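The values are calculated or read from the model by the stated rules, or taken from the named source; none is laboratory data. Model, not experiment: these values are computed from the prediction. Virtual Cβ from ideal backbone geometry, glycine too; neighbours counted across all protein chains shown. Heavy atoms of the whole protein, side chains included, go into the accessibility calculation; ligands, DNA and RNA do not. Shrake-Rupley method; radii C 1.70, N 1.55, O 1.52, S 1.80 Å.
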Amino acid sequence: MCESFSDARSALSRARAIMRDLADSVGVPWPQLEEVTTREQYLHAVHTFSVGRVAGERYLSGIGPFLDELACRGIAFDRQESSHLFIADIQLRPDLADLWPLPEGMTFLLNLTPPFGGPDSEPEDDCTEEELDRMVSVLGPLTMSVSWGCSWRDVPDFKNCGVQLCLNSVWTEQHPEPTPGEFEVWVALGTRADWSPAGKAWLLDSGLTLGEPQAG
C-alpha cells in the first residue's frame, strides 16, 4: 500500500507517525538502508559515509576478475564466511566509482555505517528521532529505499510487517525504481496477514488513506 508525498522529510514524518500510532512498540525501529546499485549513489556516498560492506558469491561468473581488480587496488577480503561466500568492509574511496555497476551477485551496503548504525546494530534496535533526522540528512539525492520492520497492533503475525520510505524512487514489482522527485511510503502488512480477513480489518481500522495494494 502506498502514500505519496512532496518531499522526503514529509514522507519520513508520516512514516514515523504511522509506526507511532499503529505499531505495538512505541520505539522507532532502526531503518535498514537498501544497497548501493549505481555509480551516482556511490559517488554521493563517498562524501557522507566512511565504510561500506561488500558481499557476494566467489564463484559466480565475473566475480573472480572483479576480486582480482580489488586486490590490485589494495582491498583485501579478510572475512570469508565459507568457501564460496565472502564479506568485507572497505573504505569508500572516489577511485572505486568506476567499478559500478557491480557484477551480478555482488551487493554493497551502507547500513552498518554511521549514522545508519555500526557493527553491532540490529534491525530490531530502536532509534531516536534525532538519529532518524541525521540519517535522512545524509541521504541527499541517493536513489535508495529505507525500510523499518515493526509489529502492527492487532495483526496476528508480524513477519515482514513494516514501513518502507522510497526516496527519489517508487516501489514497483517488489523493487525500487529511480524516479527523481518522487517520494513514497509503503505500508507492509506481512506475507501472512496481507490478504487475510485480519489484514483487511486492520486496514479498515487504521484510518489510512492508501493507494492500490501490491502483491508481495
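Here are a few things to note about the model shown:
- Any pair with Cβ under 8 angstrom, 6 or more apart, that starts in the range 12-25 at a residue that is small (Gly, Ala, Ser) and ends at one that is open to solvent by 60 Å² or more (accessible area, probe 1.4 Å): 23/153; 25/126
- Just one of the listed residues (139, 132) is farther than 17 Å from residue 17 by Cβ and open to solvent by less than 20 Å² (accessible area, probe 1.4 Å), namely 139.
- Whichever residue in the range 29-64 is charged (D, E, K, R) and within 15 Å of residue 107 (Cβ to Cβ) and, among such residues, is farthest from the chain's Cα centre (by Cα): 58
- In the range 175-201, residue nearest to the chain's Cα centre (by Cα) [restricted to those that are surrounded by fewer than 20 Cβ atoms within 10 Å (Cβ to Cβ) and under 19 Å from residue 11 (Cα atoms)]: 175
- Considering 203, 208, 139, the condition of being touching a residue at least 60 places away in the same chain (Cβ under 8 Å) and within 28 Å of residue 39 (Cα to Cα) is satisfied by 139 alone.
- Enumeration of residues in the range 163-192 that are among the small types (Gly, Ala, Ser) and part of a strand (DSSP E or B): 169, 181, 188
- Of all residues in the range 21-37, those being at pLDDT 80 or above and surrounded by fewer than 16 Cβ atoms within 10 Å (Cβ to Cβ) number 1.
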